[in-house]
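The block underneath contains the structure these notes are about, expressed in structure tokens.
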Amino acid sequence: MRGLSGRVVIVTGAGSGLGRGMALRLAEEGASVGIVDLNLSGARETVERIQAAGGNARAVQADIVDYEACASAVDEVEAAFGDLHGLVNNAGWDLAGSFIDVDRQVWRKIIDINLYGPLNMHHVVVPRMLQRGGGKIVNISSDAGRVGSSGEAVYSACKGGMIAFSKTLSREVAR
């Protein structure tokens, strides 16, 4: 992961966990990083860690389930750092349980966060990248999307959907 100096990257769900780790690494390589997370205090903590190490980052509170919030977050990051070069769709959520026993409202939340959220981010970011001649998108999925996972039927469906979506979108827009 070299050559990121001067690049602008958004990482969703970077207020903690894997997203935070990816954001720290991207910043270490010179990228200016938009930390987009529903958890603003976690996003700010990630920014503080990046800045303490000499990097550039900005915390943006946004719920990726909300399309307008996605557009606003991207606008805010671009206003701070310039044109976006990369997106890491990392935000995700699950509540494990038997499919038969899990309430349909929980299904909706899992689908909204793990499928519609990344679709929203793509719909905002991809046209900008195409207009500018390119960019990179990394979609974090799960082996559950490839082979399934007991107790995670809806989550697995979402992650499998993201795998198929990623392949399809790359065929549609890659040159």
Query raised in the report: So how do 111-117, 84-90, 98-104 stack up, highest first, on mean other-Cβ count within 10 Å?
Result: 84-90, 111-117, 98-104
Report task. Any chance you could look up the accessible area of Arg44 with a 1.4 Å probe, heavy atoms only, rounded to 10 Å²? Result -> 140 Å²
Requested in this report: State to the nearest 20 debye the size of the charge dipole of segment 64-116 about its Cα centre, where the only charges are +1 on K and R beta carbons and -1 on D and E beta carbons.
Outcome: 300 debye
**Report entry** 222 nm mean residue ellipticity, helices alone, for the chain (DSSP H n ≥ 4; -39,500 (n - 2.57); rounded to 500)
**Finding:** -16500 deg cm²/dmol
Query raised in the report: List the lysines whose alpha-carbon lies under 16 Å from that of Lys136, not counting same-chain residues fewer than 8 positions away?
Result: Lys167
Query raised in the report: Shape of segment 50-118 from its Cα gyration tensor (a ≥ b ≥ c, root eigenvalues): rounded if a/c is under 1.5, otherwise prolate when a/b > b/c, or oblate?
Result: prolate
Report summary line: So, with points 7 Å from each Cα along the Cβ direction, the Glu78-Trp93 label distance in nm works out to 2.7 nm
Report summary line: The size of the Cβ-based charge dipole (Lys, Arg +1; Asp, Glu -1) of segment 22-109 about the Cα centre, to the nearest 20 debye, is 180 debye
Query raised in the report: Tell me, what does the Kirkwood hydrodynamic radius of segment 1-125 come to in angstroms if you use every pair of distinct C-alpha atoms?
Result: 14.6 Å
Query raised in the report: Counting only the heavy atoms of the protein chains, how much of Glu48 is accessible to a 1.4 Å probe, in Å² to the nearest 10?
Result: 120 Å²
Query raised in the report: One-quarter of the Cα convex hull surface for segment 91-144, in nm²?
Result: 4.4 nm²
Requested in this report: Kindly sort Leu18, Leu38, Leu4 by accessible area of their heavy atoms, largest first, with the probe set to 1.4 Å.
Outcome: Leu18, Leu38, Leu4
Query raised in the report: Calculated FRET efficiency, Arg25 and Asp103, Cβ-Cβ r, R0 45 Å, to nearest 0.05?
Result: 0.75
Report task. May I ask you to derive the relative contact order of the chain, considering only C-alpha pairs under 8 Å and at least 6 residues apart, and to give it as an integer percent? Result -> 19 percent
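The values are calculated or read from the model by the stated rules, or taken from the named source; none is laboratory data. Predicted, not measured: the structure shown is a model, and the values here were computed from it. Virtual Cβ from ideal backbone geometry, glycine too; neighbours counted across all protein chains shown. Note: areas computed on protein heavy atoms with side chains; ligands, DNA, RNA excluded. Shrake-Rupley method; radii C 1.70, N 1.55, O 1.52, S 1.80 Å.
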